[in-house]
Amino acid sequence: MRFPEFEGEWNESTLNTLCDKIGDGLHGTPSYSKGSGYYFINGNNLLNGEVNISNNTKEVTQLDWARHNKNLNDKTLFITINGTIGNVAKYGNQNLMLGKSVAYLNFKEHRDFFYFVLVSSNIQKYFISELTGTTIKNLSLKTIRDTKIFYPFLNEQKKISSFLGKIDSRIQTQSKIIEQLKSLISGLKDAIFLKKIKFNSLQENWRTYKVSDLLEFFSTNSLSWENLEYGTEGTHNLHYGIIHKSNSPRLDLTKQILPSIKSEFTSNKFSLCRDGDIVFADASEDTNDIGKAIEFVNCNDKKVVSGLHTIHGRDKLTLTIVGFKGFAFTASKFRNQIKRLGQGTKVYSISEKNFKDCSIDIPPISEQVKITGILTYIDEKLITETDLLRKLNKQKDALLKELFI
């Protein structure tokens with residue numbers, strides 16, 4: 001694929017030739033200074049082509065920032081080189097000090113074209129093939145410097161980057177829509193379960209239950225991904241990894257496909273899940289995701305079981321409606337109890353015994369209907385917008401493959 005007004009072969013050079021400087025950040029601990037306005041960033045700050053500064057981003061002293069100044073400018077790109085590999089972002093004129101997981105590339109000319117080259121599948125696959133390390137993967141500066149790049153003359157570079165930039169802009173707008181919806185549903189959910197928002201005047205009718213008093217628990221299996229497959233029917237399996245990846249507290253089996261258990265690993269001893277059953281992930285690399293919950297809706301007689309590193313519960317008192325528990329068990333009031341129970345170093349987990357001692361607030365059915373209705377409406381909107389973002393990224397990937405063969 002090429003714009004019709006251009007012809008001729010593209011040039012080939014290494015990134016080292018195309019850049020004035022390629023380097024990485026500080027291999028050590030800076031001097032922190034809250035409120036200085038000089039931000040210390042690592043790989044997790046590179047999101048959707050931009051440097052994301054959040055409330056959790058630490059700040060350093062002006063002296064430390066000046067000592068480690070990398071002469072960043074409007075031709076600078078960043079790339080993650082440690083842990084998470086290959087996220088690329090444009091420098092946005094912030095006061096930044098880089099950590100060791102971020103490399104910087106100061107290009108000699110127009111950077112925007114090379115941003116799209118670096119995020120293309122060919123270059124990303126090359127970077128993955130050159131990684132070093134075992135537990136934590138690393139992309140070396142030597143690999144980056146020696147990476148060969150094909151590129152046209154500057155006027156064609158600008159045409160391509162302008163075209164792809166419009167798609168990127170739409171993707172960034174879509175990402176912001178999704179973040180706003182996540183913030184809305186999270187804030188509304190927390191306000192409801194902290195009883196700051198009333199759906200009827202008799203909020204004193206809310207009652208507190210121990211999890212063990214509300215839920216009946218069932219045994220789960222320990223099947224790994226190697227024991228599962230997609231594209232076949234039979235008994236489906238909810239692996240804890242699926243819970244961690246989900247943006248919704250509801251698992252709607254009319255919309256989401258779960259893997260099936262390979263025939264040689266099926267068993268009649270597995271407990272089947274039903275509509276309204278709640279499943280928790282009991283292990284996570286992040287304390288924020290320990291005990292993350294998801295509720296089954298629209299099972300429609302499908303055979304589904306709860307899998308590795310999960311806790312499978314069912315309302316034994318019939319105090320809740322289908323759809324309510326997913327929101328209740330993902331609200332901060334309950335989640336904060338779970339976080340305090342996390343044990344471990346690299347991987348955090350919770351014991352079923354400690355988990356059962358947590359408490360949950362349950363309102364009357366009439367109020368549950370209202371709560372579930374409004375939160376489900378926003379959640380459905382979030383699912384729709386997330387699917388649109390997936391399609392936009394797929395479209396972008398297809399264009400990148402056509403442009404950078």
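The values are calculated or read from the model by the stated rules, or taken from the named source; none is laboratory data. The structure displayed is predicted, hence computed values, not measured ones. Neighbour counts are summed over all protein chains in view; Cβ atoms, including those assigned to glycine, are modelled from backbone coordinates with ideal geometry.
Please go through the range 88-142 and pick out each residue that is polar (S, T, N, Q) and in contact with a strand residue (DSSP E or B) (Cβ under 7 Å, 6 or more places away or on another chain).
Hits for the range 88-142 are Q94, N95, S101, N106, Q124, T132, N138, S140.
Just to verify a result, which residue in the range 318-346, among those that are of a type in the set (G, A, S) and farther than 11 Å from I278 by Cα, is modelled with the lowest pLDDT? Before the answer, list the steps.
As a first pass, look at the range 318-346 and keep what is of a type in the set (G, A, S): 323, 326, 328, 331-332, 342, 344.
Retained after the next criterion (residues that are farther than 11 Å from I278 by Cα): 331-332, 342, 344.
Details: A331: 96, S332: 94, G342: 81, G344: 78.
Within the range 318-346, the match that is modelled with the lowest pLDDT is G344.
Looking at the range 363-385, is at least one residue of a type in the set (G, A, S), out of contact with any Cys (no Cβ under 9 Å at 6 or more places or on another chain) and touching a residue at least 40 places away in the same chain (Cβ under 8 Å)?
Within the range 363-385 (the criterion being of a type in the set (G, A, S), out of contact with any Cys (no Cβ under 9 Å at 6 or more places or on another chain) and touching a residue at least 40 places away in the same chain (Cβ under 8 Å)), the answer is yes, since at least one residue qualifies.
Having 1 or more residues that are over 26 Å from A398 (Cα atoms), among the aliphatic types (A, V, I, L, M) and more than 24 Å from the chain's Cα centre (by Cα) is the bar; report the strands (runs of 3 or more DSSP E) wholly within the range 1-114 that clear it.
Because the criterion is at least 1 residues that are over 26 Å from A398 (Cα atoms), among the aliphatic types (A, V, I, L, M) and more than 24 Å from the chain's Cα centre (by Cα), the strands (runs of 3 or more DSSP E) in the range 1-114 that meet it are 19-24, 96-98.
Being without any contact (Cβ under 8 Å) to a residue 60 or more places away in the chain and part of a loop (DSSP other than H, G, I, E, B) is the filter; apply it to the range 196-218 and report the residue that is surrounded by the fewest Cβ atoms within 10 Å (Cβ to Cβ).
If we filter the range 196-218 for residues that are without any contact (Cβ under 8 Å) to a residue 60 or more places away in the chain, which is where we start, we get 196-198, 201, 204.
Within this subset, residues satisfying the condition of being part of a loop (DSSP other than H, G, I, E, B) are 196-198, 201.
Working: K196: 9, I197: 14, K198: 10, S201: 7.
Taking the candidates together, the pick is S201.
Keeping to the range 215-232, report how many residues are charged (D, E, K, R) and touching a strand residue (DSSP E or B) at 6+ places or on another chain (Cβ under 9 Å).
Number of matching residues: 2.
Restricting the search to the range 285-322, which residues are part of a strand (DSSP E or B) and either outside the structural domain of G241 (by TED's automatic domain parsing) or in contact with a Ser or Thr (Cβ under 8 Å, 6 or more places away or on another chain) (or both)?
Correct list: A293, I294, V304, V305, S306, T310, I311, H312.
Across the range 230-262, what is the total count of residues that are part of a loop (DSSP other than H, G, I, E, B) and free of Cβ contacts under 8 Å to residues at least 40 places away in the same chain?
From the range 230-262, those part of a loop (DSSP other than H, G, I, E, B) are 230-235, 239, 246-249, 253-259, 262; that's our starting set.
From what is left, the residues that are free of Cβ contacts under 8 Å to residues at least 40 places away in the same chain are 230-233, 256-257, 259, 262.
Residues flagged as part of a loop (DSSP other than H, G, I, E, B) and free of Cβ contacts under 8 Å to residues at least 40 places away in the same chain within the range 230-262 amount to 8.
From K333, K346, K325, which residue is among the charged types (D, E, K, R), in a loop (DSSP other than H, G, I, E, B), outside the structural domain of K195 (by TED's automatic domain parsing) and in contact (Cβ under 8 Å) with a residue 12 or more places away in the chain?
After ruling out the rest, the residue left standing is K346.
Which of the residues that make up the range 220-259 are of a type in the set (D, E, K, R) and crowded, with 20+ Cβ neighbours inside 10 Å?
The one that is of a type in the set (D, E, K, R) and crowded, with 20+ Cβ neighbours inside 10 Å: R250.
If you take the residues in the range 260-300 that are aromatic (F, W, Y) and surrounded by 20 or more Cβ atoms within 10 Å (Cβ to Cβ), which one is farthest from K333 (Cα to Cα)?
Only one residue tops the list, namely F270.
So which residues in the range 353-382 are surrounded by 17 or more Cβ atoms within 10 Å (Cβ to Cβ), of a type in the set (A, V, I, L, M) and within 22 Å of the chain's Cα centre (by Cα), if there are any at all?
Those that are surrounded by 17 or more Cβ atoms within 10 Å (Cβ to Cβ), of a type in the set (A, V, I, L, M) and within 22 Å of the chain's Cα centre (by Cα): L375, L382.
Of I167, I81, which residue is within 30 Å of S248 (Cα to Cα) and surrounded by 14 or more Cβ atoms within 10 Å (Cβ to Cβ)?
I167
Tell me which residues, restricted to the range 128-144, are under 24 Å from L164 (Cβ atoms) and surrounded by fewer than 20 Cβ atoms within 10 Å (Cβ to Cβ).
Once the filter is applied, which keeps residues that are under 24 Å from L164 (Cβ atoms) and surrounded by fewer than 20 Cβ atoms within 10 Å (Cβ to Cβ), the range 128-144 yields only I128.
What are the pairs with Cβ atoms under 6 angstrom where one residue, in the range 150-172, is assigned to a helix (DSSP H, G or I) and the other, located anywhere, is basic (K, R) and surrounded by 14 or more Cβ atoms within 10 Å (Cβ to Cβ)? Sequence gap at least six, or different chains.
Between residues of the range 150-172 that are assigned to a helix (DSSP H, G or I) and residues that are basic (K, R) and surrounded by 14 or more Cβ atoms within 10 Å (Cβ to Cβ), the close pairs are I167/K396.
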